[in-house]
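Enquirer: Sharing a structure with you now.
The values are calculated or read from the model by the stated rules, or taken from the named source; none is laboratory data. On a predicted model such as this, the values are computed, not experimentally measured, just so you know. With ideal geometry, Cβ positions are generated from the backbone for all residues, glycine too; neighbour counts draw on all protein chains shown.
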Amino acid sequence: MKPISHRVYALSAIALGVVLFLAVNIVSNQWLSVARLDLTENGLYTVSPGTKATLSKLKEPITLRFYFSRAPATGYASIVAYSARIRDLLKEYSAYAGGKIILEEIDPAPFTPAEDEAVAQGLTGAPTQDGENVYFGLVGTNTLAGHEVIPFFDQGREEYLEYDLTSMVYKLSRTQKPKLAILSALPLESGAGGLQAALAGNSNPYVVYQQLRDNYDVQMLDPMTTDRIPTDASTLIVAHPANFSATVQYAIDQFVMRGGHAIVFLDPLSESSVQGGPGAQDQGDKSSSTLGPVLTAWGVDFDVTKVVGDAELAQPVQFGGGPGGQPRVVDYIAWMRMTPNNFDRTDPITANLQVLNVATAGSLKQHQGATTKFQPLLQTSSTSGQLNSIEIRTVQNPNDLLRRFQPTGARFVIGARLTGAAKTAFPAGPPAAAAKPPADPNEPPKDTGPLPAQVKEAKDINVVVFGDSDLLDDRFWVQVQNVVGQRVAVPSADNGAMVMNAVENMMGSNDLISLRTRERSARPFVVVDQIRRSAESRFLAEEQQLQQKVQTTEASLRQLQGQGQNQTQNGAPVLNRAQQTQIEKFRADLVQSRASLRQVQASLREDVERLGTVLALLNIALVPLLIAAAAIGLSFLRQRRRAKARALS
């Protein structure tokens, strides 16, 4: 029997290696397509469980077209790096969707049909210095002509990248316009004039109501007769529930207990129910609103007798007659103009808001012993306090109100998100009135049937509550103009945007609502920032002194030169010897001061530049040397092992 040659062994090993290589690739493509080792500190490249759940529930295919102008974006390193992150994340989405997401990448080069397509799809091009446009957006479509667009990936929203992508996928996965139910004591449909204005042909619906109607299948419910919320509505808006009966409160309670999402606007003093502005008398018992035991069951306390005032956020208003009979502009502490410092920047509802106007709002507090999580969305500044609502109604002069005001130093919550386990507010069962709601004599009786079986506990409710309903009123956030017979709304605040954000967020599944902000991929240079702050603390005082000296010297120099302008000879200023000597001295001091200032400013950068040099040395020289040393060490160990093996043989 002939021995097998080394050549045959080699060929067999190569063939076996090829087979193993193909087998590993086939297995990895089949079962390890979403496997990834994410070593970033905050899991930047790992999708959240909520996103995975959303993708796993897709029934129909969705096409995502990622547009990125490669050539025009070459000179913008941050955009190129961000595009790589988005590309990787979209590939993760496609892998987790199990073939239900079709991912396409399109390079809309300048003056090509792809660029025309990007424009037609609704993408926004960012102009470069070369006059070209960088297209950097996403277009999503489904089989039912659904169309969603992210016009341009703004790096300012990087924390919300996963939320935006998952939100787009969720919207495209819906087969019909989502239904939104509304219960309200406000004239959302007709405007300030109410039903009488509507009958007279002067109906001016709230702008926010028009926006909701344009985007959702809105169903207005009668707060006088409603005993249940439609089961096909996933989200309910409760706007100023003034004197809602126990029957209606039970309907709201059961809607939330069954997994429905609610957005509630309460109010200790509704300006929409009061005529005449600050200090005017109310029109009865509809000026305040709460949900009583339902709020307590959700884990919230709300005092309708207290209005929050804020000296820092007070809005200027015109009041009375000043000198000459003209109205004076005074700060009205009961009306607040909130800014980003007052918003929760980690929640999608308030993350992108810039300005929000609220009026005579109340504060929300977590109820003692609550089982729900209380997450503030809107908070006042620390110069805020509480006033009795009766004071707001009776005090005519806003300045008198300001004089009585005493800030507490605490921040009051005006809006909050409630999540977690909760129990019904009606443990003894539905109220008796719920079995037979009051009938409208002008309509035929409706046979709605018996109420569904009561749900007494919920594992995870999703409710957003605001202590103000006036933020919905056009007067406080938008100017409506009539242009060629069309109503055109010009917002002065983000009230409408916040409401739309809230509805869009709550319209999503619990998987989508669970998504929160993610860390940015661009990590700050912590050591560099520390060095910069340390240098600034050492040199800032000296820099300010030198700047002041330069300004003083320049002012003195201008003053002396101005003295010479008063006496001229042949058009030239005449200066005496003392003035000329002083000017020369000032100029010398100015040159020296500016040189010292440049030296101080250079010292501010010296430590940072030194650190940069050290880092460059470590990257360029030390790391390769360490790798080379490791390689030499391994080679030495192998030689010693071989030498020992030869010695033993």
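Enquirer: Would it be correct to say that Asp107 is touching a strand residue (DSSP E or B) at 6+ places or on another chain (Cβ under 9 Å) and of a type outside the set (A, V, I, L, M, F, W, C)?
Expert: Against the criterion (touching a strand residue (DSSP E or B) at 6+ places or on another chain (Cβ under 9 Å) and of a type outside the set (A, V, I, L, M, F, W, C)), Asp107 qualifies.
Enquirer: Could you please tell me which pairs satisfy a Cβ distance under 7 Å, a separation of 6+ or placement on different chains, a first residue in region 141-153 that is in the same structural domain as Ser167 (by TED's automatic domain parsing), and a second residue that is assigned to a strand (DSSP E or B) and hydroxyl-bearing (Ser, Thr, Tyr)?
Expert: Thr141/Thr63; His147/Thr141
Enquirer: Next question. Which of the residues spanning region 456-472 are of a type outside the set (A, V, I, L, M, F, W, C) and either closer than 27 Å to Ala185 by Cα or not in a strand (DSSP E or B) (or both)?
Expert: Scanning region 456-472 gives Lys456, Asn462, Gly467, Asp468, Ser469, Asp470.
Residues are listed down the side, and each one gets a yes or a no for (1) out of contact with any helix residue (DSSP H, G or I) (no Cβ under 6 Å at 6 or more places or on another chain); (2) assigned to a loop (DSSP other than H, G, I, E, B):
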{"position": "Ser83", "(1), (2)": "yes, no"}
{"position": "Arg87", "(1), (2)": "yes, no"}
{"position": "Lys91", "(1), (2)": "yes, no"}
{"position": "Asp130", "(1), (2)": "yes, yes"}
{"position": "Tyr135", "(1), (2)": "no, no"}
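Enquirer: Return the only residue of Ile333, Ile349, Ile392 being in a helix (DSSP H, G or I) and either in contact with a helix residue (DSSP H, G or I) (Cβ under 6 Å, 6 or more places away or on another chain) or crowded, with 23+ Cβ neighbours inside 10 Å (or both).
Expert: Going through Ile333, Ile349, Ile392 in turn, just one is in a helix (DSSP H, G or I) and either in contact with a helix residue (DSSP H, G or I) (Cβ under 6 Å, 6 or more places away or on another chain) or crowded, with 23+ Cβ neighbours inside 10 Å (or both): Ile392.
Enquirer: All but one of (1) under 29 Å from Pro49 (Cα atoms); (2) at pLDDT below 90; (3) not in a helix (DSSP H, G or I) hold for Phe152; which doesn't?
Expert: Status for Phe152: all satisfied but (2).
Enquirer: Tell me yes or no: at least one residue of region 105-119 is among the aliphatic types (A, V, I, L, M) and under 21 Å from Lys59 (Cβ atoms).
Expert: no
Enquirer: Moving to a separate point now. Condition first: surrounded by fewer than 13 Cβ atoms within 10 Å (Cβ to Cβ), over 29 Å from the mean Cα position of the chain (by Cα) and touching a residue at least 24 places away in the same chain (Cβ under 8 Å). Now tell me which residues in region 99-128 satisfy that.
Expert: Selection gives Gly99 alone.
Enquirer: Here's another thing I want to ask about it. Can you tell me which residue in region 70-98 is surrounded by the fewest Cβ atoms within 10 Å (Cβ to Cβ), limited to those that are within 27 Å of the chain's Cα centre (by Cα) and farther than 27 Å from Thr54 by Cβ?
Expert: Ala77
Enquirer: Filter region 44-62 down to the residues that are modelled with pLDDT of 85 or more and hydrophobic (A, V, I, L, M, F, W, C) and list them by number.
Expert: Selection gives Ala53, Leu55, Leu58, Ile62.
Enquirer: Do we find that Gly409 is surrounded by 21 or more Cβ atoms within 10 Å (Cβ to Cβ), in contact with a Gly (Cβ under 9 Å, 6 or more places away or on another chain) and at pLDDT 85 or above in this structure?
Expert: No; evaluated as a whole, the condition is false for this residue.
Enquirer: Next question. How many residues are of a type in the set (A, V, I, L, M), within 23 Å of the chain's Cα centre (by Cα) and modelled with pLDDT under 90 if we restrict to region 169-196?
Expert: Total satisfying the criteria: 0.
Enquirer: Taking the residues in region 134-148 that are surrounded by fewer than 16 Cβ atoms within 10 Å (Cβ to Cβ) and of a type outside the set (Gly, Ala, Ser) as candidates, determine which candidate is modelled with the lowest pLDDT.
Expert: Leu144
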